[in-house]
1. Determine which single condition A40 fails, assuming it passes every other condition in (1) in contact (Cβ under 8 Å) with a residue 12 or more places away in the chain; (2) outside any loop (DSSP other than H, G, I, E, B); (3) in contact with a Pro (Cβ under 7 Å, 6 or more places away or on another chain); (4) open to solvent by 10 Å² or more (accessible area, probe 1.4 Å).
2. Take G102 and tell me if it is modelled with pLDDT under 95, farther than 19 Å from P10 by Cβ, buried (at least 17 other Cβ atoms within 10 Å of the Cβ) and not charged (D, E, K, R).
3. L90 - would you say it is open to solvent by less than 20 Å² (accessible area, probe 1.4 Å), more than 30 Å from V199 (Cβ to Cβ), at pLDDT 95 or above and out of contact with any Ser or Thr (no Cβ under 6 Å at 6 or more places or on another chain)?
4. Take the residues of region 253-275 that are surrounded by fewer than 18 Cβ atoms within 10 Å (Cβ to Cβ) and touching an Asp or Glu at 6+ places or on another chain (Cβ under 8 Å): which is modelled with the lowest pLDDT?
5. Residue check: is S79 modelled with pLDDT under 95 and of a type in the set (S, T, N, Q)?
6. Which ones in region 31-58 are within 18 Å of L289 (Cβ to Cβ) and at pLDDT 95 or above?
7. Can you tell me which residues in region 4-32 are in contact with a helix residue (DSSP H, G or I) (Cβ under 6 Å, 6 or more places away or on another chain), open to solvent by 20 Å² or more (accessible area, probe 1.4 Å) and either part of a loop (DSSP other than H, G, I, E, B) or without any contact (Cβ under 8 Å) to a residue 60 or more places away in the chain (or both)?
8. Filter region 278-322 down to the residues that are among the β-branched types (V, I, T) and farther than 16 Å from P101 by Cβ and list them by number.
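The values are calculated or read from the model by the stated rules, or taken from the named source; none is laboratory data. Since we're looking at a predicted model, the values are computed, not measured. Quick reminder, even Gly has a Cβ in these numbers, built from the backbone with ideal geometry, and neighbours come from all protein chains shown. Areas reflect the complete protein model, heavy atoms only, side chains present, ligands, DNA and RNA absent. Shrake-Rupley method; radii C 1.70, N 1.55, O 1.52, S 1.80 Å.
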Amino acid sequence: MTPWNLLALPPLPEELIRHLLAPLGDQVAVCVPAERDRDALLAALPKAEIVLGDWTGTLVMDAEAVAAAPLLAFVQQPSVGVDGHDLDALAAAGVPLANTPGVSAAAVSEWCLAATLSLSRKLGAADAAVRAGEWPQQGLQPYELQGRRVGVVGYGPIGASCARIFRALGCEVSYWTRTPRADPGFEDLDTLIAGSDVVVVVIALSEETRGLVDPRRMKQGALLVNAARGGVVDQAALVESLRAGRLGGAALDVFDVEPPPADDPLRDLPGVLLSPHVAGVTPESTSRLLTATLDNLAAATEGREVNSVLNGLMPTIRRKFL
């Protein structure tokens, strides 16, 4: 069988990409854009039958890119998030798009717990004080999480994992998701945000969820933990709330602009834990991601059903011919 033309967009050296895709053997002919820019992407798309997506969101399959790819039959995104891709344009062109849900659930939920504990126990401030020769045993005022109310925004595999581990710590956990549920843990969003001691944000970014969480609606002294996407939280409102002393702190693995620019006020505000979008990056989660991606690519080229198609199309991939 003629190999499928696979255009690989991840920000990795071509040699490494070819090594990672080697298990697919002669089922695919791998190529990469000549440069990591828009023009090179559009130039490479006319021959592409399968696209392996870019998890950074730099090279995306928006409507223009989809139109430039008449042979495109499948897009595999090697991440949970698919922001930047135009799912409707792909669906209209008959191109299924799949992601890798659940592969980072353990990693991200553990980060959310670790970040929350760091804020509540004032670990950053304690470390800085001791390094500066201080010994503020009475001044830091850390507190326990047990018995606190934790609200989880988003209830996919990551949100469900967050709920489990915070409950195991003795927290009272509620959650909100876009599909209401007849479940005692489900709570409407306004009630959850206003009543939680910790708000954990792990919902996918979309036009529906952009600016979803307004920190100004949170209770006095509450903690915000964002491991979703920067755009889900109103970042200007977050800065305002932190400056006003309304929040007890914030832990952010994601930002509106990544990396945040030098003049981003979040860099200088106290009580803020900053992390370079690595909550889901562990050897274990990377292994699961690679396995899920390779399994789907193999299924696509062999005529078997792929997993986790997001844009409503049938999961069996059919080759296109001009």
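1. Evaluating A40 over (1) in contact (Cβ under 8 Å) with a residue 12 or more places away in the chain; (2) outside any loop (DSSP other than H, G, I, E, B); (3) in contact with a Pro (Cβ under 7 Å, 6 or more places away or on another chain); (4) open to solvent by 10 Å² or more (accessible area, probe 1.4 Å) leaves (1) as the failure.
2. Details: modelled with pLDDT under 95: yes; farther than 19 Å from P10 by Cβ: yes; buried (at least 17 other Cβ atoms within 10 Å of the Cβ): yes; not charged (D, E, K, R): yes.
Yes; evaluated as a whole, the condition is true for this residue.
3. Yes.
4. Selected residue: V257.
5. Criteria met by S79.
6. Hits for region 31-58 are I50, V51, L52, G53, D54.
7. Residues satisfying the conditions are V30, V32.
8. V278, V281, T282, T301, T316, I317
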